[in-house]
Amino acid sequence: MKETASGFIAKSTIKAADLEHRRKINFNIGKYNAVVPKGKEQFSDVNLAREKAKNIKWKAIETLDKQLENFEAAITKRGAKVIWAEDAQQALEAIYKICEEKNCKTLVKSKSMVTEEIHLNDFLEKKGIESVETDLGEYIQQLDGEPPYHIVTPAMHKSKEDVAKLFAEKLGTDPKATPEELTLVARVKLREKYVQAEIGVTGANFIICDIGGIAVTENEGNARLSCAWPKTHIVIAGIEKVIPAMNDLALFWPLLATYGTGQKLTVYNTIVTGPRQTNVQGTPYGETDGPEDMYVILLDNGRTNILANEKQRESLYCIRCGACLNACPVYKNIGGHTYAATYSGPIGSVITPHLKNMGEWKHLSYASSLCGNCTEVCAVKINLHELLLENRQQAVEAGHSNFAERMGWKMWRQGMLHRHWMNIANARTKSWVVNTMVKGWKDHRGDMQFPKKSFNEMWKEKYGDR
Ligand code: SF4
């Protein structure tokens, strides 16, 4: 078994038994579940809205090359520089080069899963550049030295008492401070960093291709500040974030808000179409706000592998609302950190083997009951549970299954094709085989006790050979 898989099983075993952990995330997911129906009320037909969003993303992804070229042409016209990064290394090198040019010592960043994906903070720390998370949840996680726990709510696994304790340890605040008091402390600390920072880094919730802009959605105003306050703004976005037109936001913004946090609209929605314009047509003066330079790094990092895979391609429609994580019975028990991947939950299990390596990460696709709850709640109707099955098939086809597994399935197939074989052994023999011969069966289960008569025998007794 690969190290990633054995680590996952070990961590899952511990987390699944951690009732306090389960209580905290169930509490937070419970709050989410209570508000999502209210958000949905804004749609006259929410399923139609999801279907429409899926169609728009289908169009965007099927014409991805064209969309990205349109985006590049339009945003370049307004003075931004577009950088294409094939992998994490290229993206990091590009960011470092900009940091060197700008003599950057401090960088503020808003919440961005792509920066987690390329491990930007670790990289910058090694280069002696301070990278400060400005989203409150991310700030909490950074203080604690932990990666985000959830795509949307990074500190979902922490109670307010946990946060108060953490702030007391790291920042010397009163251990009994209220969430409001702690937020004010964070605000003061972060404002200082904004003033110092030479560069602001954000992600992009959407890459808007017709106007050449990026859309950023957030609830705290920190992303808008990161875009606008420092003299240089760097955006880093996965290439799949495209939407063809600005008008599409009329659908995607409410959909993301509702499925992400149960809001009708997220508090701050910002569109950035370039750096500060010094020469605005029709006005005597240029713009007075905004960065002097803007760079947009378009990251592939395995996404074109998914694009090339006709069946898995629809996973690129994801708008990272996090709804599938909140609905997943596996995620709710083992939590986000157990996956050890940037993207956790059902969508993480679908895309991680393609973004990284199928052999190393295929085990995530097996961590599913295939109940279909993820598909049921997905904002853009991605058939997540079918894609998990598809991953399993692709893993086997690529030869990532061991001898015991292959033999087990061969025997199962023979048993299914020759039903009468199952009646040859009695109940005691069957129980013994499963309880002693099937490796791992009893690790998490009690003894299997087969009934004296099989279903087939009982059927025959009742109905004969019908
Ligand atoms: S797969 Fe669907 S539900 Fe999950 S994060 Fe993406 S859009 Fe949201």
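The values are calculated or read from the model by the stated rules, or taken from the named source; none is laboratory data. Just so it is clear, the structure is predicted and the values come from calculations on it, not from any experiment. No Cβ is skipped: glycine too gets one built from the backbone with ideal geometry, and neighbour counts run over all protein chains shown.
May I ask you to say which residue of Lys442, Lys410, Lys453 is surrounded by 10 or more Cβ atoms within 10 Å (Cβ to Cβ) and part of a helix (DSSP H, G or I)? Show your work before the answer.
On the way: Lys442 fails: part of a helix (DSSP H, G or I); Lys453 fails: part of a helix (DSSP H, G or I).
Exactly one residue qualifies, and that residue is Lys410.
Taking the stretch 172-198, which residues are among the basic types (Lys, Arg) and free of Cβ contacts under 8 Å to residues at least 12 places away in the same chain?
Applying the first criterion (among the basic types (Lys, Arg)) to the stretch 172-198 yields 176, 187, 189, 191, 193.
Within the stretch 172-198, Arg187, Arg191 meet the criteria.
Pairs please, first residue from the stretch 373-387 and on the phi > 0 side of the Ramachandran plot, second anywhere and near the ligand (Cβ under 10 Å from one of its atoms), Cβ atoms under 6 Å, 6+ apart in sequence or on different chains.
As it stands, the answer is Lys381/Arg50; Lys381/Lys54, since those pairs meet every condition given.
State yes or no: is Lys24 farther than 30 Å from Leu299 by Cβ and touching a His at 6+ places or on another chain (Cβ under 6 Å)?
yes
(1) crowded, with 20+ Cβ neighbours inside 10 Å; (2) in contact (Cβ under 8 Å) with a residue 60 or more places away in the chain: which one isn't true of Gln141, the others all being true?
If we test Gln141 against (1) crowded, with 20+ Cβ neighbours inside 10 Å; (2) in contact (Cβ under 8 Å) with a residue 60 or more places away in the chain, just (2) comes out false.
Right, Thr304: surrounded by fewer than 19 Cβ atoms within 10 Å (Cβ to Cβ), in a loop (DSSP other than H, G, I, E, B) and more than 16 Å from the ligand (Cβ to nearest atom) or not? Break it down into steps so the answer makes sense when it comes.
On the way: surrounded by fewer than 19 Cβ atoms within 10 Å (Cβ to Cβ): yes; in a loop (DSSP other than H, G, I, E, B): no; more than 16 Å from the ligand (Cβ to nearest atom): yes.
No.
Just checking, how many residues over the stretch 330-351 are away from the ligand (no atom under 14 Å from the Cβ) and either of a type in the set (Phe, Trp, Tyr) or out of contact with any helix residue (DSSP H, G or I) (no Cβ under 7 Å at 6 or more places or on another chain) (or both)?
Qualifying residue count for the region: 1.
Among the residues of the stretch 362-377, is there at least one that is modelled with pLDDT of 95 or more and within 8 Å of the ligand (Cβ to nearest atom)?
Yes, the conditions are met somewhere in the stretch 362-377.
Condition first: on the phi > 0 side of the Ramachandran plot and of a type in the set (Ser, Thr, Tyr). Now tell me which residues in the stretch 134-180 satisfy that.
Kept after step one, since they are on the phi > 0 side of the Ramachandran plot, are these residues of the stretch 134-180: 145, 172.
Passing the criteria: none in range.
May I ask you to say which residue of Gln312, Gln393 is more than 13 Å from the ligand (Cβ to nearest atom) and of a type outside the set (Gly, Ala, Ser)? Spell out the reasoning first.
Values: Gln312 fails: more than 13 Å from the ligand (Cβ to nearest atom).
None of the others qualify; the one that does is Gln393.
Listed here are the residues, each with its yes/no results for (1) loosely packed, with under 13 Cβ neighbours inside 10 Å; (2) among the basic types (Lys, Arg).
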residue	(1), (2)
Ala17	yes, no
Lys52	no, yes
Ala60	no, no
Lys77	yes, yes
Ile83	no, no
Ile98	no, no
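Counting only residues that are under 21 Å from Thr183 (Cα atoms) and outside any helix (DSSP H, G or I), which one in the stretch 210-262 is farthest from the chain's Cα centre (by Cα)?
Here the residue is Trp229.
If Arg23 passes every condition in (1) in a helix (DSSP H, G or I); (2) closer than 23 Å to Tyr317 by Cα but one, which one does it miss?
Unmet for Arg23, out of (1) in a helix (DSSP H, G or I); (2) closer than 23 Å to Tyr317 by Cα: (2).
Testing His354 on (1) more than 10 Å from the ligand (Cβ to nearest atom); (2) under 22 Å from Lys111 (Cα atoms), one condition comes back false. Which one is that?
For His354, the exception is condition (2).
For the stretch 1-42, enumerate the residues that are within 21 Å of the chain's Cα centre (by Cα) and polar (S, T, N, Q).
Thr4, Ser12, Asn26, Asn28, Asn33, listed by residue number.
Quick one: Ala327 ticks every box in (1) over 12 Å from the mean Cα position of the chain (by Cα); (2) within 14 Å of the ligand (Cβ to nearest atom); (3) closer than 24 Å to Ala60 by Cβ; (4) buried (at least 21 other Cβ atoms within 10 Å of the Cβ) except a single one, so which number is it?
Among (1) over 12 Å from the mean Cα position of the chain (by Cα); (2) within 14 Å of the ligand (Cβ to nearest atom); (3) closer than 24 Å to Ala60 by Cβ; (4) buried (at least 21 other Cβ atoms within 10 Å of the Cβ), Ala327 violates only (3).
Tell me, which residue of the stretch 272-301 that is charged (D, E, K, R) and part of a loop (DSSP other than H, G, I, E, B) is farthest from the chain's Cα centre (by Cα)? Outline the logic, then answer.
So the first thing to find is which residues in the stretch 272-301 are charged (D, E, K, R), and the list is 276, 287, 289, 292-293, 300.
Subsequent filtering for residues that are part of a loop (DSSP other than H, G, I, E, B) retains 276, 287, 289, 292, 300.
Numbers: Arg276: 31, Glu287: 36, Asp289: 32, Glu292: 31, Asp300: 16 Å.
The residue in question is Glu287.
Considering the stretch 251-280 alone, what residues qualify as being among the small types (Gly, Ala, Ser) and under 23 Å from Ile236 (Cα atoms)?
Pass one, the stretch 251-280, residues among the small types (Gly, Ala, Ser): 257, 260, 262, 274.
Correct list: Ala257, Gly260, Gly274.
Being of a type in the set (A, V, I, L, M) and more than 15 Å from the chain's Cα centre (by Cα) is the filter here, so list the residues in the stretch 331-376 that pass it. Show your work before the answer.
The first filter runs over the stretch 331-376 and keeps only residues of a type in the set (A, V, I, L, M), leaving 334, 340-341, 347, 350-351, 355, 358, 364, 367, 370.
Passing the criteria: Ile334, Met358, Ala367, Leu370.
So which residues in the stretch 50-62 are touching a residue at least 40 places away in the same chain (Cβ under 8 Å) and either within 22 Å of Asn309 (Cβ to Cβ) or in a loop (DSSP other than H, G, I, E, B) (or both)?
Ala53, Lys54, Ile56, Lys57, Trp58, Lys59, Ala60, Ile61 - these are the residues of the stretch 50-62 that are touching a residue at least 40 places away in the same chain (Cβ under 8 Å) and either within 22 Å of Asn309 (Cβ to Cβ) or in a loop (DSSP other than H, G, I, E, B) (or both).
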